[in-house]
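Here the structure is laid out as structure tokens; the discussion comes afterwards.
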Amino acid sequence: MPGYIKIGITGGTFDPIHYGHLIIAENIRYTVGLDKVIFVPTGMPPHKKHLTVTSSTDRLNMVKKAVYSNPHFEVSSVEVEREGYTYTIDTIKHFKRIYGEKAQLYFITGADVVKELTTWKNFEELFTMCKFVVGLRPEYIDESFYNEIEFLKTKYNADIIVADIPMVQISSTGIRKRIQEGRSIKYLLPECVEDYIYKKKLYT
């Protein structure tokens, strides 16, 4: 769409944010040709009701520190400021109100989420409001995954882009575990985030 800006939206608990998140977001930004990517830390994620999540303030602060040096990255606090559970449909509507018809929104997610999309709140309306970018490792071959994408495209007219992402073996769960065990987390996440974690005594 000529004249439109292309905005990626990537959500997550980011507990904590790490280089895997940043590498994937930058790779997708370049591959899809996005003008910018907005990181949206979740408030109370409905799909993680059973998990204990670090305070939204700390998670938001860590994301802000992590993306500060990239002029194409921004952070939004819309979900952490929203009361109750946070749903993607509400977040997309929020950005639609901000950017209006001058922007095309791209919601960035992982391959494991594709089969859950029809369980999301107002998913059919969501498909009309944004495109989906699914990050996938180049060597990933799963017939059921591609069948599901074709099903969503055919039945719901979903616009889903599959983007290759690099193999990054870093996880927030692994980082939290290493901290609890007193092991080093250096080079797994930005130094400013590492400093924040130790200063705030998170995950100990």
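Annotation note: Cβ proximity below 7 Å between a residue of the range 192-203 that is part of a loop (DSSP other than H, G, I, E, B) and a residue that is surrounded by 13 or more Cβ atoms within 10 Å (Cβ to Cβ) (sequence gap 6+ or interchain) occurs for 202/54; 202/58; 203/176; 203/179; 203/197.
Filtering the range 130-171 to residues that are among the hydroxyl-bearing types (Ser, Thr, Tyr), in contact with a helix residue (DSSP H, G or I) (Cβ under 9 Å, 6 or more places away or on another chain) and within 24 Å of residue 30 (Cα to Cα) leaves 140, 171.
Only one residue in 63, 37 is in contact with a strand residue (DSSP E or B) (Cβ under 6 Å, 6 or more places away or on another chain), in a helix (DSSP H, G or I) and either crowded, with 18+ Cβ neighbours inside 10 Å or in contact (Cβ under 8 Å) with a residue 40 or more places away in the chain (or both), so which one is that? Let's see the steps before the verdict.
Values: 37 fails: in a helix (DSSP H, G or I).
Going through 63, 37 in turn, the sole match is 63.
For the range 116-123, the condition holds for at least one residue, the condition being that it is surrounded by 14 or more Cβ atoms within 10 Å (Cβ to Cβ), more than 19 Å from residue 9 (Cβ to Cβ) and not acidic (Asp, Glu). Scanning the range 68-99 for residues that are hydroxyl-bearing (Ser, Thr, Tyr) and either part of a loop (DSSP other than H, G, I, E, B) or buried (at least 18 other Cβ atoms within 10 Å of the Cβ) (or both) gives 68, 69, 76, 77, 86, 87, 88, 91. Cβ-Cβ distances below 6 Å connect no pair with a first residue in the range 10-25 that is more than 17 Å from residue 106 (Cα to Cα) and free of Cβ contacts under 8 Å to residues at least 60 places away in the same chain, a second residue that is in a helix (DSSP H, G or I) and not polar (S, T, N, Q), and a separation of six or more residues or different chains. If I filter the range 167-202 down to residues being of a type in the set (Lys, Arg) and under 18 Å from residue 60 (Cα atoms), which single residue comes out as surrounded by the most Cβ atoms within 10 Å (Cβ to Cβ)? Among those residues, the one meeting the criterion is 176.
Pairing each residue of the range 126-137 that is over 7 Å from residue 163 (Cα atoms) and outside any strand (DSSP E or B) with any residue that is of a type outside the set (Ser, Thr, Tyr) and at pLDDT 95 or above, provided the two are 6+ apart or on different chains, yields C-beta distances under 6 Å for 126/89; 127/158; 129/92; 130/92; 130/105; 130/107. Each residue in the range 150-173 was checked for being under 29 Å from residue 14 (Cα atoms), of a type in the set (Val, Ile, Thr) and not in a loop (DSSP other than H, G, I, E, B), and 4 of them qualify. Among the residues of the range 136-157, none qualifies, meaning not one is of a type in the set (Gly, Ala, Ser) and in contact with a strand residue (DSSP E or B) (Cβ under 9 Å, 6 or more places away or on another chain). Scanning the range 100-116 for residues that are at pLDDT below 95, farther than 24 Å from residue 166 by Cβ and not small (Gly, Ala, Ser) gives 101, 102. The single condition among (1) under 30 Å from residue 154 (Cβ atoms); (2) at pLDDT 95 or above; (3) not charged (D, E, K, R) that residue 87 does not satisfy is (2).
Matching residues to (1) surrounded by 15 or more Cβ atoms within 10 Å (Cβ to Cβ); (2) at pLDDT 95 or above; (3) over 16 Å from the mean Cα position of the chain (by Cα):
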{"position": "129", "(1), (2), (3)": "yes, yes, yes"}
{"position": "145", "(1), (2), (3)": "yes, no, yes"}
{"position": "150", "(1), (2), (3)": "no, yes, yes"}
{"position": "154", "(1), (2), (3)": "no, yes, yes"}
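The values are calculated or read from the model by the stated rules, or taken from the named source; none is laboratory data. As the structure is a computational prediction, the values presented were derived from the model and not from experiment. Heads up, the Cβs are rebuilt from the backbone with ideal geometry, glycines too, and the neighbour counts pull from every protein chain shown.
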